[in-house]
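Step one of this worksheet: look at the structure below.
The values are calculated or read from the model by the stated rules, or taken from the named source; none is laboratory data. On a predicted model such as this, the values are computed, not experimentally measured, just so you know. Cβ placement follows ideal geometry from the backbone for every residue including glycine, while neighbour counts extend to all protein chains displayed.
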Amino acid sequence: MNKLVIITGPTAVGKSDRAIEIALKFGGEIVGADSMQIYKKMNIGTGKVTKAEMKGVPHHMIDIVMPDEDYSVGRYVTEARDSIQSIIDRAKLPVLVGGTGLYINSLLFNHSFAGAPKNESIRNKLKEEAAAEGSEKLYSRLLAVDPESALKINKNDTKRIIRALEIYEITGKPRSEFKDDSSAAYDYLLIVLNDDRESLYNRIDARVDKMFALGLVEEVKELYEYKDCNSMQAIGYKEVIEYLDGKISLEEAEENVKIDSRHYAKRQMTFFRGMKAEKLFINVNDDIETEIKRFIDHGE
């Protein structure tokens, strides 16, 4: 059966541990859905599981590009679907795990990227180009990479031209390729793990303390050459870089990582609630195996 189990939720809630338990119980392999765990060398700050913690469960879509490489949503969807299909072909259960909601949503649905997240650096660069050279030059570029979208936009509509080019640079594909489609690509079970706010914040604080104890500062020092890359904007890395640059103290860096992680967790939950996908919100301490077994057995 073309079945896919998805375990997601806010940062530090315990997704990886639960997913490994599920994979071991149901004969599964894990496919990452984390926009930072795709990067090699970025281990402690992204919360990657170690080889020992994997307990022999194969993991895919982790450690696949260097920190200075651009990686689009479109590329993720293509490569993750290949991984999922190879798992299904081996009669194993693919278990998609991670907290990047855009990756999960894009993998499930061939939807429009009208709601794609903004990239201020790309957008500002395009605005500067429009101011310096006029919108017609940007329009010509859009015609080259996405003629279908360009024909629907007035060549003087700078705002929409910039947005279409921004989506192309974020996703690696023209906006016109993403059509609204309510049907999912898989027979899926989407579980959103959560915890009460106080417990989740305690989890976040403990995780951040552990990251620094494990050597996050040393990891970032080794990655310092990549400080201007998009990958280094990840929570845990940007704050430590500020410390290494002498802008804040180590104590401030650690506290900022905790604060930024809490804010990120809130944004994640807002995204998950807004996803059109059917989903189950389950406390991280509650049973999820019963739901997964019911899903796997259904239709067989």
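Tabulated data for the structure shown
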read-out: Matching option when the condition is under 23 Å from residue 173 (Cα atoms), in the same structural domain as residue 20 (by TED's automatic domain parsing), out of contact with any helix residue (DSSP H, G or I) (no Cβ under 7 Å at 6 or more places or on another chain) and not in a helix (DSSP H, G or I), among 68, 63; value: 63
read-out: Criterion violated by residue 203 - all others in (1) of a type in the set (Lys, Arg); (2) free of Cβ contacts under 8 Å to residues at least 40 places away in the same chain; (3) assigned to a helix (DSSP H, G or I) satisfied; value: (2)
read-out: Which listed residue is at pLDDT below 95 and surrounded by fewer than 21 Cβ atoms within 10 Å (Cβ to Cβ), from 63, 70; value: 70
read-out: Single residue of segment 243-265 satisfying the filter (among the small types (Gly, Ala, Ser) and over 21 Å from residue 8 (Cα atoms)) that is nearest to the chain's Cα centre (by Cα); value: 253
read-out: Tabulated pairs, segment 232-252, first surrounded by 12 or more Cβ atoms within 10 Å (Cβ to Cβ), second part of a helix (DSSP H, G or I) and charged (D, E, K, R), C-beta under 6 angstrom, 6+ apart or interchain; value: 235/260; 248/242
read-out: Matching residues in segment 25-46 - criterion: being among the small types (Gly, Ala, Ser), within 19 Å of the chain's Cα centre (by Cα) and more than 18 Å from residue 230 (Cα to Cα); value: 32
read-out: Among (1) part of a helix (DSSP H, G or I); (2) over 25 Å from residue 106 (Cα atoms), the one test that residue 266 misses; value: (2)
read-out: Residue count, segment 1-35 (criterion: in a helix (DSSP H, G or I), of a type in the set (A, V, I, L, M, F, W, C) and surrounded by fewer than 24 Cβ atoms within 10 Å (Cβ to Cβ)); value: 4
read-out: Pairs where the first residue, in segment 68-79, is touching a residue at least 24 places away in the same chain (Cβ under 8 Å) and the second is crowded, with 19+ Cβ neighbours inside 10 Å and part of a loop (DSSP other than H, G, I, E, B), C-beta under 8 Å, 6+ apart; value: 71/35; 71/38; 72/173; 74/173; 76/35; 76/38; 76/61
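Listed here are the residues, each with its yes/no results for (1) closer than 30 Å to residue 220 by Cβ; (2) surrounded by 19 or more Cβ atoms within 10 Å (Cβ to Cβ); (3) not assigned by TED's automatic domain parsing to the domain that holds residue 228.
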| residue | (1), (2), (3) |
| --- | --- |
| 92 | no, no, no |
| 120 | yes, no, yes |
| 134 | no, no, yes |
| 154 | no, no, yes |
| 170 | yes, yes, yes |
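Condition check ((1) touching a Gly at 6+ places or on another chain (Cβ under 8 Å); (2) not acidic (Asp, Glu)) across all residues:
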position: 224; (1), (2): no, yes
position: 232; (1), (2): no, yes
position: 246; (1), (2): no, yes
position: 254; (1), (2): no, no
position: 258; (1), (2): no, yes
position: 262; (1), (2): no, yes
position: 284; (1), (2): yes, yes
position: 287; (1), (2): no, no
position: 293; (1), (2): no, yes
